[in-house]
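Worksheet for the structure shown next.
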Amino acid sequence: MAKKNKENNVWDFKQIRKYAWDTVFHKGWKPWLWLVLVCFFFNFIGALNPLQSSGIDLAYSYFDKMIGYKDERFDQNVEYLKQFVLDSKLMSKADEEDRESVGTLVDEMASGNSWVIRALSANAAYFQRNPGEVFANLALIAIVILFLKFFIQNVLLIGLCRYCMEFRQQKEVRMRRVMAPLHLSNIPNLIRVMLCYNISIFLWSMLFFIPGIIKTYEYSMVSYILAENPNLKWREAKKLSKQMTRGYKWKMFLTDLSFIYIWILQIIPFAGLLVATPLAQQLGVEFYFTLRNRADVDTSMLPEKAFADAPYVKKANRQKKNIISEIESPEYVLADINTTTAHKKGRFRFDYSPTDIVFLFFCFCLIGWIWEVSYEFVNSHVLVNRGTMYGPWIPIYGFGGLAIVILLSRFKDNKLKLFGMTMVICAILEYLASFALEFIFNSSYWDYKKMFMNVNGRICLAGLLAFGIGGLFGVYVAAPAISRFVNRFAKKTQYIAAAVLCVLFVVDLICCACFGFNTGASVGGKIA
C-alpha cells in the first residue's frame, strides 16, 4: 500500500508547473535570454510544434500588418501565377477536375511559401516577364522545405530538447550543446526514428481522433529519450516512451490544461516569444524528468546519471540554506562535437595564404574579363568592356574560381570528379548571377536561349563544359602558378599590392553605385 501511495504522489502538477516556471524565470535575465534566442531560432526553421510557435507567428503577423505584407497585390500575383500554370501546354488537355486540383496546389504552395511570391513580385516587371521561372522557384522551394521538415527539422528538434534538458539541470548552458546528440554518426538513426514517429502520429490522427490524441501523449517522450540516447532505435524509444507514460497520459493532459495561461499569452504579440514559448518547452522537459525518474521505469538505456538529480533552481535554494556550498555543472555522457583542428595523417591541407586568395580572386576576374572581351571581339569584331563593372574584372569569374580552388582542391587526385563538381558549382553561380542581374537591373548580360540544353537561357551545357575545363586549368595550373609568382615577393610588397587592388575594386563599386553598372554596347541590354 505504501508503494502504491508513493507511486500516486509521483505526479504533482503544481510542482511540475513551479519547476518549469522557476527554470525559465528564476535564473536571471541572461540564461532566460539565451533560451528565448534558442527557441526563436527553432521556430524560425519551423521545428517547434504549432502550440509552442503560435505566439511567434502572431508576432510575425503583427509585423506583416504594420508593413502591409498582405495586400491585394499579393492575391493578384498568386492568381496570375495560377492562370499561367492552367494556360500552359501541359494543362491544355486536362479535364476540369484536374485543373481545379492543380489550381488548389498552386494556392497551397503560395500560401505556405508566401515570402517567395512577395520577394519575387517586388520587381513587377520580372514577375510578369518570367511567370514560369517564378512557379519553378516556388515549386523547388516547396520541395526543399518539405525535405527539410521531414529530414532536418525533426532531427534538429532533438537538439532543442537536449538544450532545454540541460538548461533545467544547470545555471547556464552553451548554445553548442544543441548539437550534442547530433553527431554525424547519429544522424541516420535519428532521421529514421523521427520519420517513424511522425508517420505513426499522422496515421493515428487521420484514422481516429481521440486515439490520435492518446498516441500523441504516449509517444511524446521519444524526442527527449533520443536527446539523452541518440543511438536508440524506433522500437526501443517507442517502448520506453510507452512505459514512461503508462497511467499518466490523462494527468499530462490535465496539466497541459492547467497551464492555460500559456495559450492565452500566445495571442499577445511578443508575449509568446518571450514567455509562452520557452515556458511551454520547459513544461515538456518537466514531464520527461518526472516520468523518467519513476521507480518502475527501466532507465538502463538512459545513460545520463546527472538527469536523476533535482533541477538547478532547487539546488540553488538548498545552497541558500547552506546544505551544499557549491554548484558545479554536471558532466554529461554526450560530449560536445569535436571542434579541434589538429592535423591528421592523410588530411587535406590547403596551401594558399590570405594574400594568395586576394590575388587569385583578381587574377580569375581578369582572366574572365579577357575571355569575354576576346569572345565578343571574335564574334562581332568590336572591342568592348564585357564586364558588369568599369575595371578589367568580372567578379563572377573571381568568385567562381575561388570557390573551385577552395572547395575542390582536395579532389585533385580524381580529375573526373573534380570536373563534374566544377560544372555543378559554376552552374549554380552562373544561374544565380544571371537571375540577380535581371531581377535587380532588368538587364541581361548573357542569354543562352538559342544554345543546346539551356535552362531559361541562364546556363547551357556548352558553357558548363567550358567552365569545367577552366576549373581543371585553375586548380592544376593557374592557382599554383599565381601562388608561386606572388610568393617571390616580400610579404610587405604582397600586402601593399593586395591593398591597392582592393581599394581600386571598392572605388569601382562606388562608381557603379553612383553612375550605374556598365551597360555599353553588347553589354547588359535592358529587357523589355
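The values are calculated or read from the model by the stated rules, or taken from the named source; none is laboratory data. All of these numbers come straight from a predicted model, not from anything done at the bench. Virtual Cβ from ideal backbone geometry, glycine too; neighbours counted across all protein chains shown.
Things worth noting here:
- Just one of the listed residues (Gly420, Gly401) is surrounded by fewer than 18 Cβ atoms within 10 Å (Cβ to Cβ) and not aliphatic (A, V, I, L, M), namely Gly420.
- Matching residues in the stretch 77-114 - criterion: being of a type in the set (S, T, N, Q) and either under 26 Å from the mean Cα position of the chain (by Cα) or not in a loop (DSSP other than H, G, I, E, B) (or both): Asn77, Gln83, Ser101, Thr104, Ser111, Asn113, Ser114
- Members of the stretch 289-338 that are modelled with pLDDT of 85 or more and assigned to a helix (DSSP H, G or I): Phe289, Thr290, Leu291, Arg292, Lys305, Ala306, Phe307, Ala308
To keep it simple, each residue is scored yes or no on (1) outside the structural domain of Thr23 (by TED's automatic domain parsing); (2) closer than 24 Å to Leu37 by Cβ; (3) in contact (Cβ under 8 Å) with a residue 60 or more places away in the chain; (4) surrounded by fewer than 17 Cβ atoms within 10 Å (Cβ to Cβ).
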| residue | (1), (2), (3), (4) |
| --- | --- |
| Phe167 | no, yes, yes, no |
| Lys171 | no, yes, yes, yes |
| Met175 | no, yes, yes, yes |
| Pro181 | no, yes, yes, no |
| Ile191 | no, no, no, yes |
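- Test result for Leu232, exposed (fewer than 15 other Cβ atoms within 10 Å of the Cβ) and among the aliphatic types (A, V, I, L, M): no
- Taking the criterion of being surrounded by 14 or more Cβ atoms within 10 Å (Cβ to Cβ) and over 32 Å from the mean Cα position of the chain (by Cα), the only residue of the stretch 452-467 that qualifies is Ala466.
- Qualifying residue in the stretch 269-278 (condition: over 20 Å from Leu160 (Cα atoms), modelled with pLDDT under 75 and in the same structural domain as Phe42 (by TED's automatic domain parsing)): yes
- Taken together, Ser220, Ser185 contain a single residue that is part of a loop (DSSP other than H, G, I, E, B) and under 20 Å from Ala20 (Cα atoms), which is Ser220.
- Of the criteria (1) out of contact with any helix residue (DSSP H, G or I) (no Cβ under 6 Å at 6 or more places or on another chain); (2) hydroxyl-bearing (Ser, Thr, Tyr); (3) touching a residue at least 40 places away in the same chain (Cβ under 8 Å), which one Ser200 fails: (3)
- Residues that are touching a residue at least 12 places away in the same chain (Cβ under 8 Å) and of a type in the set (Gly, Ala, Ser) within the stretch 119-135 comprise Ser121, Ala125, Gly132, listed in sequence order.
- Filtered residue count, the stretch 384-410, keeping only those that are closer than 12 Å to Gly368 by Cα, among the small types (Gly, Ala, Ser) and part of a helix (DSSP H, G or I): 3
- Scanning the stretch 386-422 for residues that are of a type in the set (Lys, Arg) and farther than 27 Å from Cys514 by Cβ yields Arg410, Lys412, Lys415, Lys417.
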